[in-house]
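A.B. asks: Please find one structure pasted underneath; my questions will follow.
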C-alpha cells in the first residue's frame with residue numbers, strides 16, 4: 001500500500017529529498033525561483049500547470065503510480081480534477097456520459113474497481 005500524503009508540496013518535497021536534490025537546484029531545473037518553490041512545498045502556493053508537472057515527474061523519475069498520485073494531489077490542491085484528465089474528458093463525450101451515469105446510479109468503489117479491472121484485462 002502506498003503512503004498517503006497530506007498535500008502536493010509534501011509529496012514533491014519527499015520525492016526530491018529522496019533523490020538528494022536541493023530545493024534550489026530542483027527549482028532551477030524546473031524553471032522556478034527557490035523562494036517560489038519553497039512556498040509550493042509548504043502548501044502556500046498552488047502546484048504548477050501540467051507541462052511543469054510533467055517536467056517534475058521526469059526530473060524525479062516518478063513511477064506511473066507516483067505520477068498519478070502527484071497529479072491527483074495537484075488537482076486536490078486546486079479543488080479540481082487532476083490536470084491530466086480535463087482534456088481527455090472533454091474530447092470524449094462518452095467519458096462524461098459514463099461519469100454522469102455512475103454519479104446518478106451512485107456507483108461505489110467496488111463497481112469502479114471492477115470496471116478498471118475489466119479495462120486492464122483488455123490491455124493485456
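The values are calculated or read from the model by the stated rules, or taken from the named source; none is laboratory data. The structure presented is a predicted model; accordingly, all values stated were derived computationally and were not measured. When we count neighbours, we look across all protein chains shown, and the Cβ atoms used for this are built from the backbone with ideal geometry, even at glycine.
A.B. asks: Restricting attention to segment 1-27, report how many residues are under 20 Å from residue 58 (Cβ atoms), at pLDDT 95 or above and not in a helix (DSSP H, G or I).
C.D. replies: Total meeting the criteria: 4.
A.B. asks: Taking the condition within 11 Å of the chain's Cα centre (by Cα), in a helix (DSSP H, G or I) and surrounded by 11 or more Cβ atoms within 10 Å (Cβ to Cβ), does residue 98 pass?
C.D. replies: On the way: within 11 Å of the chain's Cα centre (by Cα): no; in a helix (DSSP H, G or I): yes; surrounded by 11 or more Cβ atoms within 10 Å (Cβ to Cβ): yes.
No; evaluated as a whole, the condition is false for this residue.
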